[in-house]
Structures are given as structure tokens and as C-alpha cells.
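Enquirer: Pasting in a structure now, in C-alpha cells, and then I'll have a few things to ask.
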Amino acid sequence: MKRDVEIIELPNGNELVIAVDNSGSIGMKPNDHVQVPYEVVAYYNFRVVWMECVSAGARPMSIILHNFSGDKAWSSLIKGIKHGMKELNVENISITGSTESNFSLQQSAVGLVIIGQREKFKQQNVSFKERNDLNVAVIGKPLVGDELMNNKDDIAPLKVFQDLSKLDNVTILPVGSKGILYELHQLFDKRTFKLETELDLKKSSGPATCFIVVYPTSLNHRVSERCLGWFHEVRLISR
């Protein structure tokens, strides 16, 4: 299964998992297309990289911030990252990074990297033949830009993502700017299927405002109950 992470094999047999997210023209500069506090910018950057790293089976170990929005933005960006960590009840991960302070950009720009580690294993695509009891759902709704500020109740909470990622026999994948349909094709590579769902499958999910979860029927009640209010069934029919 393809994921938006870089995998580096270590001598001890484990692997480093590196996840990266960038945002541009989002912040507090006059020329930014989306005007939001830098704390919000960093929080959503954090969501993306954390979800990518964890969904690849890694335990996050280090956070690296790239700030091109000026010295004054730094403390707010760190605050946004720590807000995400607090939501997950995570405290023991270091944050480092750098600010471009020699030159001032006309628009805001931020990059965030999370480095994690996992035991080496081979990821495989989900198979219809192997999983006759397959269930698929999208948690949260795809949102982008100003929609995030106006539809906060439709954003999948990080804690829900984290809880589901710990369940056995569950595959989880955040949805990014290419939309739900693109991510489903990453999960079900070389398969054709038709879909039935109330969501817009091609709409950008921006900073991972929703995610896909694939799970066996035995976990149906547990997943739907935990995700009450954000649960959207996706009916996949293999062709």
C-alpha cells in the first residue's frame, strides 16, 4: 500500500518513518489567501504529519518545524503543535526547527516533519478475497480553506484517529488534498469497484480533516460507536 512517507531501514532491523507537510499562503500576512492565526496553521500541519506517521505503523519520536513566516510567528506555531500533542496526551517528544529570519516573505509558509520508528514489516493492499467481512468508513468530512473554521464539528478528532489506530486488524489512512477516492485506490490497488456514500469523494480534505478506516465486521459496533457524529459508511462493491 502506498503512503506519503519516506521509509529508511536501520541497522537494527527497524525502520524510520518520515512524514512531511507544508502550508503556504495561510496565516496572518496581508497577502495570505486564508487568514488564520499561526497556532491554527501549525495545529493542522501537525495533524497531517502525525496521522501519516502513525497510520504507517510508526511511533513518533521527533518533530521538526520549518518556519518561513517570521520570528514573531514561532511561538504561536509551537503553541499549535503542543495543542495537538495535548489532545493526544503526548508530552515526551522533542520539537526543534528553524526560522528564516534574514529575508521576509510576502506570504506565510510553514513546513513540519515528524520522524517515527517502527518494526520492519511488509505492508500489503487490502484484499477483497482475503477479507469477505470488509467494512469501510470515512471518519469526518473533507474540508479545505475557510471551511475548517466554519465546520469544526465535522473534523475528525485526533484522539479518535489515535484510538482506532491501536485496534488489531484495522487499516487506517488519512485523506489529503487528493480526496477520498484517490486514497481508496491506494488501499485497493489494482481493483475496480463502485462506491456509495454521502460524501464528495473527489473533494480535497485539506489538512486531513477526515480519514479512512477499514475493519472487520466484528468491530463494526465498536468503530461506529467510537466515531459517533463523524462516521460515514462507504459501500464498496468489487467488480
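Enquirer: Kindly provide the set of residues from region 189-224 that are under 20 Å from Pro157 (Cα atoms) and not in a loop (DSSP other than H, G, I, E, B), ordered by number.
Expert: Phe211, Ile212, Val213, Val214, Tyr215, Leu219, Asn220, His221, Arg222, Val223, Ser224
Enquirer: Residues of region 19-39 being crowded, with 20+ Cβ neighbours inside 10 Å and either out of contact with any helix residue (DSSP H, G or I) (no Cβ under 8 Å at 6 or more places or on another chain) or part of a helix (DSSP H, G or I) (or both), which ones?
Expert: The one that is crowded, with 20+ Cβ neighbours inside 10 Å and either out of contact with any helix residue (DSSP H, G or I) (no Cβ under 8 Å at 6 or more places or on another chain) or part of a helix (DSSP H, G or I) (or both): Tyr38.
Enquirer: Being assigned to a helix (DSSP H, G or I) and either over 22 Å from Leu143 (Cβ atoms) or polar (S, T, N, Q) (or both) is the requirement here; does Trp74 meet it?
Expert: In short, yes.
Enquirer: Name the single residue, out of those in region 225-239 being part of a loop (DSSP other than H, G, I, E, B) and of a type outside the set (Phe, Trp, Tyr), that is modelled with the highest pLDDT. Don't jump to the end; show me each part of the working.
Expert: First pass over region 225-239, keeping only residues part of a loop (DSSP other than H, G, I, E, B): 227-230, 239.
Then drop every residue that is not of a type outside the set (Phe, Trp, Tyr), which leaves 227-229, 239.
Numbers: Cys227: 92, Leu228: 87, Gly229: 89, Arg239: 58.
For region 225-239, the residue satisfying everything is Cys227.
Enquirer: In the set Ser55, Ser76, Ser94, Ser25, which member is closer than 17 Å to Gly176 by Cα and not assigned by TED's automatic domain parsing to the domain that holds Leu173?
Expert: On the way: Ser76 fails: closer than 17 Å to Gly176 by Cα; Ser94 fails: closer than 17 Å to Gly176 by Cα; Ser25 fails: closer than 17 Å to Gly176 by Cα.
None of the other options fit; the residue is Ser55.
Enquirer: Might you let me know whether region 166-188 holds any residue that is part of a helix (DSSP H, G or I), touching a strand residue (DSSP E or B) at 6+ places or on another chain (Cβ under 7 Å) and of a type in the set (Ser, Thr, Tyr)?
Expert: No, there is no match, as no residue in region 166-188 is part of a helix (DSSP H, G or I), touching a strand residue (DSSP E or B) at 6+ places or on another chain (Cβ under 7 Å) and of a type in the set (Ser, Thr, Tyr).
Residue by residue, here is whether (1) touching a residue at least 40 places away in the same chain (Cβ under 8 Å); (2) among the aliphatic types (A, V, I, L, M); (3) buried (at least 19 other Cβ atoms within 10 Å of the Cβ); (4) in contact with a Phe, Trp or Tyr (Cβ under 7 Å, 6 or more places away or on another chain) holds:
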{"residue": "Lys202", "(1), (2), (3), (4)": "no, no, no, no"}
{"residue": "Ser205", "(1), (2), (3), (4)": "yes, no, yes, no"}
{"residue": "Pro216", "(1), (2), (3), (4)": "yes, no, no, no"}
{"residue": "Glu225", "(1), (2), (3), (4)": "no, no, no, no"}
{"residue": "Trp230", "(1), (2), (3), (4)": "yes, no, yes, no"}
{"residue": "Val234", "(1), (2), (3), (4)": "yes, yes, yes, no"}
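Enquirer: So which of Asn67, Asn92, Asn12, Asn102 ends up being surrounded by 20 or more Cβ atoms within 10 Å (Cβ to Cβ), over 23 Å from Lys152 (Cβ atoms), without any contact (Cβ under 8 Å) to a residue 60 or more places away in the chain and not aromatic (Phe, Trp, Tyr)?
Expert: Asn67
The values are calculated or read from the model by the stated rules, or taken from the named source; none is laboratory data. Since the structure is predicted, the reported quantities are computational estimates derived from the model, not experimental observations. We place every Cβ from the backbone using ideal geometry, glycine too, and count neighbours over all the protein chains shown.
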